[in-house]
Amino acid sequence: MFAHVLSVIIFLPIIAGLLLLATPASRNIARFTGMIVSLAALVLSLDLYMGFQSTGHLEFVENIPWIASLGVSYALGVDGISLFILMAGSVLLPMVYFVFATKEKGYYANLLIVQGAMAGAVCAADMILFYIFWEVMLLPVFFMLGLYGGPKRLPATLKITLYTIAGSLLMLAAIVYLGVSYHAQFNEWSFALDKMAQLNLSGRVAAVAFFGFMIAFAIKIPLFPFHTWLPDAYTEAPTATTFVLSAIMAKIGVYGVIRFVVPVFDQEFARFAVLLAYSGVIGMMYCGIAAITQKDFKRMLAFSSASHMGIIALGVFCMNVQALTGSIYQIVAHATSTGVLFLFAGILEERTQTRTISDLGGIAAKAPVFALYFAIAMLASVGLPGTSGFIGEFMIILGAVKFNTAVGVLAGTTLIIGVCYMLWMFQRVFFEKATPKSENFKDFSLIEGLAFLPVIILIIVMGVYPQPFLSKITPSTALQFASAAPVVAQAASATNAHLPELTIEQK
Amino acid sequence: MTNDLMLLMPLIIVGAGAILLMLSSAYQKLTHEMAAYGSALVFAVAFLVQLSACITGNAVLFSGAFNGLLVASSFSKAAGLIILACGFFTAMSSQTYFKQNDFCSPEYYSLTVFAASGMLLLTMAQELITVFIALEIMSLAIYILVGYDRKNVISTEAVLKYLMLGAFAGAFLTMGAAFVYGATGSTKFVKIAQYVAAHGFMQTPALIGGSFFILVAFLFKAAAFPFHAWVVDVYDGASVPVTGYMATGLKTAIFAVFANFLVLDASLQSGWITYLFYIAVFTMFVGNLIAIGQQSLKRMLAASGIVHTGYLLIALVAVSTKDFTGSVIAYYLAAYAASTLGIFCALSYLGGAGEKRSTFDDFKGLAKSRPYSAAAVSVFLLSMAGIPPTAGFMGKFYIITSAIEAGQVTLAVLGIVSSIISMWYYLRLIVNMYFCEAEEQFGEAVPSNLAPICTFVLVVCVFAISLYPVVI
């Protein structure tokens, strides 16, 4: 369409959000501005999606030098990996403005800023630019959580903020270290992402830098044992923030691992992959079991989200094309299922004034449409065949078995825990007898029903006919391994042969 | 000759302006309102002259005209710009501050200009006696400014402390200069460097002792460990605009002369790097420890000033002597000055009459009644904490890059750990302003629009500086 479409997708929401904050706009104006801007971003991203050539390399590249003496530039671009996280954000966020009509101005404004910042982090092709968006992304979350969160919001806000900032500042040191090493090896300053893959790093400092990146991303994902901020933050945050955190921001952590850690630190990554994979599996189990015992359904969803992030992360650590493709697919699936479940939970909380599972019951009879939507999203999150969740989880488990049988088997069996807590919760909330609190539960209005419909359809389409999506992801993921060092390249040559076979299995 | 005079023009303007202001206040021709505008005008004119010199002139060493006493490099010019801007914003915020406080007289403004002339001279000094003179011009004016509120006990205590210790520092400097002169036969930096290059650094005891004394004086003025103890009390006792001025302008001048002194010779620098390394680390962490415990905002900012001195020392350790541009130090100073001045500008009108609001708790719920001021203060705090996209982040980025580039990875990582710790007290104020309910009213009208406008301009500066690319 036009040259700087990515910049517009990034900065349109940010500028709109800042303008809303700076002017004494009413909440209605704020909501409609948010709606229009996020829909505009959606239209632009759809246009981007249609124009995406799936070459595997970065497309829609913008590159303007910024700090010439250090090789820092304003460089943007999308490939098959970032495209889907970008799309997930653009598709899902407009719903919030339709569903939640009575929030403060700052709520909508911060939501806009975080949308732009997340798009920026995903599209950035320069490490410094990435870092800037990565940090900016946290600020709106900080304010939304602290201003509009639940009663115990202050400790939760401080926890998530200090945790994330500590992680990301260490990452900054690692980024600078990479830049300096590049200068030392190639006698030229650069912080461009694609150039870092040529770096030849070894030794203890490289391992330290590797962990500098890994810890920052592990906190964001969150990967076991860095997940302790998550239950409090997800539970206390206002619905839209929880939604943003779980549906998109956590994915940017995974994206960071794919983008920075895998190509640059291939040796360290290969060395620690098993360890990381186990930490993914342990996180899955631990959070899954924790989810079963929760009495608060938002907290239960928080743990379930953490558990699913464990499997997505596992897909990245398995170092083969299937698992990685599965991870990207699962990122979208998880955003559309668990993310939407958080929105449903928000609606449930708003209408019943409770979050305790035992206070609820019999909602299916009162609100059939809501129950149907909830069931579809829930089944997708559980990974039922025919929904989007199945394809991703299947590919990840397939890759995991190839990588390490024990990990694969453990991950596969752990999925059952997810079924347990989800179905049990569904039974208690939607069936059984109606309680005083859920007696007067109102079903979706027409607008709400229509707002959620595209996502529900997307869940099913992605589950039944994944090929168009996979064909956009696979070139990039294949390239990820093709260009890497010998350790991983060996795996890539083996996996390329499996690709056609894999797609047949899907059909 | 004319070229030399042109380069000295800002200094001449500031000096003449200060004398003029002092004379006209002595004859009681000025209200303090007019003195404020007058001093702001002097700063603005000098700033513009300096800026035009920055744009047109290249770095010219005018050793011929001044016999090597002064230097005008791009670094000293940048430092001069920062100092003049600090003076300008201090004058503006003082005007608003003294609408609510009554101990002002027109001489106050002429003293700020005098202090600036000392600072400007300090950035250009290339000779120890000149350094001493410049330092004393600056310090004498600052002593008076700190104790300007004569009826206030805390302020009197502060000035006594600062005067006594500052006098010691000045004595150390002259002592050191004498030792160095005895060892090298010259007080000029260039000659000293030549001597060090020829004879080595550790050979002459007088040289070692002399440099040590000089370093003590500089570290004292820069508020570095272990000479940081005065900072918190003195900053707390001075009035808000003066504190802002000391934290920014004075620090800029000291670091300018510090860098000028160290970059002259590689062996001189390498001789001190080990010590500066530990001093930087201790300065950062001691500053953090002090800041965490504070209840008063001004004391917290004073302690955080110590931490920022630590970051600047990192930059100093990482300075390369070969092609020194000082851009990293100048950039960080500019970034730090913009955010610190901004917060003191905001405090000068938010503090209320007699600085009645001073603790963290006093600012609870500010965002509800003064959303724009609270947002501005948050921007400044985030910049000090080094969160992008503010200038403070870019400053830290340059410092870390130059430190790692110089092989000081440990120092860079420790700097980052320190800035993680500092998040705690910066966030605390933001949390208080935004997430707590108001305990008191912020209803009173702002006495003057100057300080709020300056605050807004500085917010713009914080973002604008972050976009400005720097050559390392």
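The values are calculated or read from the model by the stated rules, or taken from the named source; none is laboratory data. Here the structure is a predicted model, which means the values were calculated and not measured. Virtual Cβ from ideal backbone geometry, glycine too; neighbours counted across all protein chains shown.
Observations on the structure shown:
- Test: A:Ile289 is β-branched (Val, Ile, Thr) and either closer than 19 Å to A:Ala121 by Cβ or touching a Gly at 6+ places or on another chain (Cβ under 9 Å) (or both): no
- Subset of the range A:134-171 [touching a residue at least 60 places away in the same chain (Cβ under 8 Å) and of a type in the set (Phe, Trp, Tyr)]: A:Trp134, A:Tyr148, A:Tyr163
- B:Leu350 vs. criteria within 14 Å of chain A (Cβ to nearest Cβ), out of contact with any strand residue (DSSP E or B) (no Cβ under 6 Å at 6 or more places or on another chain) and either polar (S, T, N, Q) or touching a residue at least 24 places away in the same chain (Cβ under 8 Å) (or both): no
- When residues of the range A:50-68 are limited to those that are out of contact with any Phe, Trp or Tyr (no Cβ under 7 Å at 6 or more places or on another chain) and within 14 Å of another protein chain (Cβ to nearest Cβ), the one surrounded by the most Cβ atoms within 10 Å (Cβ to Cβ): A:Ile67
- In the set A:Ala121, A:Ala174, only one residue is part of a helix (DSSP H, G or I), free of Cβ contacts under 8 Å to residues at least 60 places away in the same chain and crowded, with 20+ Cβ neighbours inside 10 Å; that residue is A:Ala174.
- Looking at the range B:189-252, the helices (runs of 4 or more DSSP H) lying wholly inside it that each contain 3 or more residues that are more than 18 Å from B:Val263 (Cα to Cα) sit at B:205-221, B:229-237, B:240-245.
- Subset of the range A:190-224 [closer than 25 Å to A:Met118 by Cβ, β-branched (Val, Ile, Thr) and free of Cβ contacts under 8 Å to residues at least 60 places away in the same chain]: A:Ile215, A:Ile219
- Restricting attention to the range A:243-276, the residues that are more than 21 Å from A:Trp229 (Cβ to Cβ) and either basic (Lys, Arg) or modelled with pLDDT of 90 or more (or both) total 2.
- Any hit, the range A:127-142, residues being farther than 22 Å from A:Tyr74 by Cα, assigned to a helix (DSSP H, G or I), under 24 Å from the mean Cα position of the chain (by Cα) and within 12 Å of chain B (Cβ to nearest Cβ): yes
- Residue that is farthest from A:Val180 (Cα to Cα), among those in the range A:51-101 that are of a type in the set (S, T, N, Q) and modelled with pLDDT of 85 or more: A:Ser90
- Scanning the range A:160-180 for residues that are over 20 Å from the mean Cα position of the chain (by Cα), small (Gly, Ala, Ser) and more than 9 Å from chain B (Cβ to nearest Cβ) turns up just one, A:Ala174.
- Residues that are surrounded by fewer than 24 Cβ atoms within 10 Å (Cβ to Cβ), charged (D, E, K, R) and either within 14 Å of another protein chain (Cβ to nearest Cβ) or part of a helix (DSSP H, G or I) (or both) occur in the range A:225-244; there is at least one.
- The set of residues in the range A:143-159 being more than 21 Å from A:Leu21 (Cα to Cα) and either modelled with pLDDT of 90 or more or facing another protein chain (nearest Cβ under 10 Å) (or both) consists of A:Arg153, A:Leu154, A:Leu158.
- Filter result for B:Gly365 (of a type in the set (Gly, Ala, Ser) and farther than 23 Å from B:Tyr331 by Cβ): yes
- Only listed residue being more than 22 Å from the chain's Cα centre (by Cα) and at pLDDT 90 or above, chosen from B:Val462, B:Val377, B:Val417: B:Val417
- So B:Ile314, is it within 14 Å of chain A (Cβ to nearest Cβ), surrounded by 24 or more Cβ atoms within 10 Å (Cβ to Cβ), free of Cβ contacts under 8 Å to residues at least 12 places away in the same chain and of a type in the set (A, V, I, L, M, F, W, C): no
- Residue that is modelled with the lowest pLDDT, among those in the range A:9-28 that are of a type in the set (A, V, I, L, M) and touching a Leu at 6+ places or on another chain (Cβ under 6 Å): A:Ile9
- Unique residue being at positive phi and touching a helix residue (DSSP H, G or I) at 6+ places or on another chain (Cβ under 6 Å) when the list is B:Ala206, B:Ala223: B:Ala223
- Residues of the range B:395-448 satisfying the condition of being outside any helix (DSSP H, G or I), touching a residue at least 60 places away in the same chain (Cβ under 8 Å) and not charged (D, E, K, R): B:Ala406, B:Gln408, B:Cys436, B:Ala438, B:Gln441, B:Phe442, B:Gly443, B:Val446, B:Pro447, B:Ser448
- When A:Gly71, A:Gly89, A:Gly106 are checked against the criterion of being crowded, with 23+ Cβ neighbours inside 10 Å and either in contact (Cβ under 8 Å) with a residue 12 or more places away in the chain or away from chain B (no Cβ under 14 Å) (or both), A:Gly89 stands alone in meeting it.
- Hits in the range B:449-472 - residues which are away from chain A (no Cβ under 11 Å) and either touching a strand residue (DSSP E or B) at 6+ places or on another chain (Cβ under 9 Å) or in a loop (DSSP other than H, G, I, E, B) (or both): B:Asn449
- Top-ranked residue of the range B:399-414 - restricted to ones that are under 23 Å from the mean Cα position of the chain (by Cα) and within 8 Å of chain A (Cβ to nearest Cβ), ranked as surrounded by the most Cβ atoms within 10 Å (Cβ to Cβ): B:Ile400
- Here A:His308 fulfils each of the conditions (1) out of contact with any His (no Cβ under 7 Å at 6 or more places or on another chain); (2) crowded, with 24+ Cβ neighbours inside 10 Å; (3) of a type outside the set (Val, Ile, Thr) apart from (1).
- Flag if A:Met196 is more than 10 Å from chain B (Cβ to nearest Cβ), over 22 Å from the mean Cα position of the chain (by Cα) and buried (at least 16 other Cβ atoms within 10 Å of the Cβ): yes
- Per-region count, the range B:8-48, residues under 22 Å from the mean Cα position of the chain (by Cα) and crowded, with 20+ Cβ neighbours inside 10 Å: 15
- Taking each residue of the range A:244-260 that is touching a residue at least 24 places away in the same chain (Cβ under 8 Å) and among the basic types (Lys, Arg) and looking for partners that are buried (at least 24 other Cβ atoms within 10 Å of the Cβ) and not in a helix (DSSP H, G or I) with beta-carbon atoms closer than 9 Å, six or more apart or interchain, yields A:Lys251/A:Ile221.
- Helices (runs of 4 or more DSSP H) wholly inside the range A:412-507 containing at least 2 residues that are at pLDDT 85 or above and more than 22 Å from the chain's Cα centre (by Cα): A:446-464
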